[in-house]
Amino acid sequence: MDWNAILEFARGTFFQVALLVFVAGMVYRLARILLLGWKPNRVTAKGSRLGGVGMSFLKGAIIWPFIPWVKNTASRNPVIYIAGGIFHFGLFTVILLGTAHMLVWKSLLGFGWPTLPLPIVDWLSAIAIAAMIGLFINRLINPVLKLISGPAEWLNLLIVFLPMVTGYIMTHHLFFRYEVLFSLHMLAVDVLLIWIPLSRISHFMFYFFSKAIHGAEFGKRAVTP
Amino acid sequence: MKTQEAINTFVKETGGWVAAQLEACTRCGMCAEACHFYQATGNPEYAPVWKLELLRRAYEQRFTISGKARLALGIDKPITDADLTHWSTLLYEACTLCNKCSMVCPMGIDIGPLLHNVRSALSEAEVVPLELMAAVNKQVTEGSPLGVTDSVWDDRMEWVADEWEVELPIDVKGADMLVVFSSIEIMKFPENISAIAKILNKAGEKWTLSRQGREVVNFGFYEGSEKRTKLFMQRVFDAAKALGVKRVLVTECGHAYDALRWTAANIMDVPAGLEVIHIAGLIGDYVRSGRIKLKPGAYDNDGTITFHDACKIQRRGGHIKEPREVLNILAPHAFKEMTPNKEEAICCGGGGGVIAIKAADPQRYAVFQLKIDQMKKVGAKTVAMTCSNCRLQFTDSVKHFNVDVKIAGLSQMVADALED
């Protein structure tokens, strides 16, 4: 098999198509929500809606386990809290501050930024992968998660897992030739990009809606969201 | 069964704000651990996210490409009669719409109102538990879910006025404030009526009761029927209009406050300039402004007093500070907080119509054990609250478990400690 040609395709045409699907898909998802209609809220507020929204986002950002309002939630859902937190933190640090990834951003955006040393990025990837496995096992055994997980939930885990694992193996030059691993990594990334608008991985966009709605509703009632 | 009507209702209610929140859900399941029904029983079906399942399916199968595809491929199931019957037990018998779940959702989804939407669809499909529906129908025909007809109301008010020697103005035109009690207070806690009357009289309030708008409880709101929710609120608003009052005072009833104060304006015309307030907030205002004076430390010698936050008056009503200010005057040393409290408080387990449904008794009592644990931890001898529905649940459950705790309405405590 000509892996160089596959690599060329995976990081060239296919990547561009995937990126286009991702952007167009997310725009479609956004438009669908906006066009469904929004009822004006005619209830006289007791507190500040805007203040509530601000507080809601602030609370969403401050998630350290010693914070009073986080403590209870964290201790009742330790696996999701810790593994979920580490997974998000690890993944985004690597995507944004790994040197190889920054170069991809640079080619897309036209400017770059300082990155983290490889050993740190490497450890973060390993921890993020471990966290992901933790989340997978938790979904397998937790009765609530078993009940609410359909094929899409399992696919989400798999499709996010593949780019992470191929990327990790690639930087360590394990098992296969470099261009094979690079191709697999890029193919996995392309699939992920296409999958995001079709799935709940798109929650990063709707997060801003739900957090704002929650904050406004609580702010309206003069209650801390 | 009217399955299609339920689906239509789901679709009708799915505005952008509902859809955006459904889309934001990552199916992490953290809301389960916030639900007192799940905590108490461990039944995974009580997870709030699972209670929303039908709303999600209806939305996705109607509006989204992937939802339509999954339906066509048989991965997602259409909503059936059996589903509606099953979800009726989850929504009415194991949910008080207390909205605690929204406090832990990492996406900040305001789950409570979405659960209310599910109830609306179930009510359109006519799968509301019989006992709850009987109470709703009673309120439609007799004006009260507990059978307080015109003549019962008249007798009851006359008796309260005599028994506690308190003045109860009825149908006074030109009064400033219309006071509307709940049937629970009228039938089970009549001392609340005299207590609130005493407070209002002491503060020199120009208030009145109304024979037309005599029921604040809104069983249509429990049911989730917009039509009947409006009907019951209309009676109160009509009375307010007829008497020309500026304010409507909701007494110790939680759901009614949520309906009249936070929902009415969005689903019907509220008379212009009419303000809806709650007794918990009003007492706070009176105390702050000095219109009533309380005996400091009046309850400091009767053992530890704690305060139970009602979901609709504190977390969803905003009257979190006032009761605490009052208790810190009445019992500065004896007042101790349970944990968690305030907007994070654990719900009593009887609200949202749950207490009216016999089949819900096992989980209702199971939930109350969480409250017992909380009360025991602070060593409470008395627990104060501002909602009669909570109070009904506490009174009944304390008896059921044989717990030695005194249940007190805050208005009652205030009325008994008024400085002359």
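The values are calculated or read from the model by the stated rules, or taken from the named source; none is laboratory data. As the structure is a prediction and not an experimental result, all values here were calculated from the model. Heads up, the Cβs are rebuilt from the backbone with ideal geometry, glycines too, and the neighbour counts pull from every protein chain shown. Just so you know, the surface numbers come from the protein's heavy atoms only, side chains and all, with ligands and any DNA or RNA stripped out. Shrake-Rupley method; radii C 1.70, N 1.55, O 1.52, S 1.80 Å.
Condition test on B:ASP76, is it within 22 Å of B:GLN21 (Cα to Cα), in contact with a His (Cβ under 9 Å, 6 or more places away or on another chain) and not hydrophobic (A, V, I, L, M, F, W, C)? Walk me through it before giving the result.
Numbers: within 22 Å of B:GLN21 (Cα to Cα): yes; in contact with a His (Cβ under 9 Å, 6 or more places away or on another chain): no; not hydrophobic (A, V, I, L, M, F, W, C): yes.
Taking the combined requirement at face value, the residue does not satisfy it.
Suppose we filter B:GLU33, B:GLU45, B:GLU60 for residues that are more than 9 Å from chain A (Cβ to nearest Cβ) and not in a loop (DSSP other than H, G, I, E, B); which single one remains?
Details: B:GLU33 fails: more than 9 Å from chain A (Cβ to nearest Cβ); B:GLU45 fails: more than 9 Å from chain A (Cβ to nearest Cβ).
Only one candidate passes the filter, namely B:GLU60.
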| message | What pairs come out if I take residues in the range A:197-210 that are at the interface with chain B (Cβ under 7 Å from one of its Cβ atoms) and pair them with residues that are outside any helix (DSSP H, G or I) and buried (at least 20 other Cβ atoms within 10 Å of the Cβ) whose C-beta lies under 6 Å away, six or more apart or interchain? | response | A:ARG200/B:THR26; A:HIS203/B:THR26; A:TYR207/B:MET107; A:SER210/B:MET107; A:SER210/B:GLY108; A:SER210/B:ILE109
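Which residue out of B:ALA359, B:ALA380, B:ALA366 is over 28 Å from B:GLU93 (Cα atoms) and in contact (Cβ under 8 Å) with a residue 60 or more places away in the chain?
Exactly one residue qualifies, and that residue is B:ALA380.
Can you confirm whether B:GLY318 is surrounded by 22 or more Cβ atoms within 10 Å (Cβ to Cβ), at positive phi and more than 14 Å from chain A (Cβ to nearest Cβ)? Don't jump to the end; show me each part of the working.
On the way: surrounded by 22 or more Cβ atoms within 10 Å (Cβ to Cβ): yes; at positive phi: yes; more than 14 Å from chain A (Cβ to nearest Cβ): no.
No, not satisfied.
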| field | Test for A:LEU140: is it hydrophobic (A, V, I, L, M, F, W, C) and open to solvent by 80 Å² or more (accessible area, probe 1.4 Å) | value | yes
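Considering only the range B:387-401, state which residues are aromatic (Phe, Trp, Tyr) and open to solvent by 10 Å² or more (accessible area, probe 1.4 Å). Talk me through it step by step, then tell me what you get.
The initial filter retains those residues of the range B:387-401 that are aromatic (Phe, Trp, Tyr), namely B:394, B:401.
Listed by number, the list holds a single entry, B:PHE401.
Got at least one residue in the range B:389-410 being within 14 Å of chain A (Cβ to nearest Cβ) and under 30 Å from B:ASP285 (Cα atoms)? Talk me through it step by step, then tell me what you get.
Applying the first criterion (within 14 Å of chain A (Cβ to nearest Cβ)) to the range B:389-410 yields none.
No, that holds for no residue.
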| query | Out of the range A:122-136, which residues are free of Cβ contacts under 8 Å to residues at least 40 places away in the same chain and in contact with a helix residue (DSSP H, G or I) (Cβ under 7 Å, 6 or more places away or on another chain)? | reply | A:LEU124, A:ILE129, A:PHE136
| said: For the range B:112-133, give me each residue that is open to solvent by 10 Å² or more (accessible area, probe 1.4 Å) and hydrophobic (A, V, I, L, M, F, W, C). | reply: B:VAL127, B:VAL128, B:LEU130, B:MET133
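Do the conditions hold for B:ILE79, that is, is it facing chain A (nearest Cβ under 10 Å) and either farther than 24 Å from A:PHE136 by Cα or at pLDDT 90 or above (or both)? Break it down stepwise before answering.
Numbers: facing chain A (nearest Cβ under 10 Å): no; either farther than 24 Å from A:PHE136 by Cα or at pLDDT 90 or above (or both): yes.
When the stated conditions are applied, B:ILE79 does not pass them.
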| request: For the range B:268-315, enumerate the residues that are open to solvent by 30 Å² or more (accessible area, probe 1.4 Å), within 13 Å of chain A (Cβ to nearest Cβ) and farther than 17 Å from B:VAL216 by Cα. | output: B:ASP269, B:ALA272, B:GLY273, B:ASP285
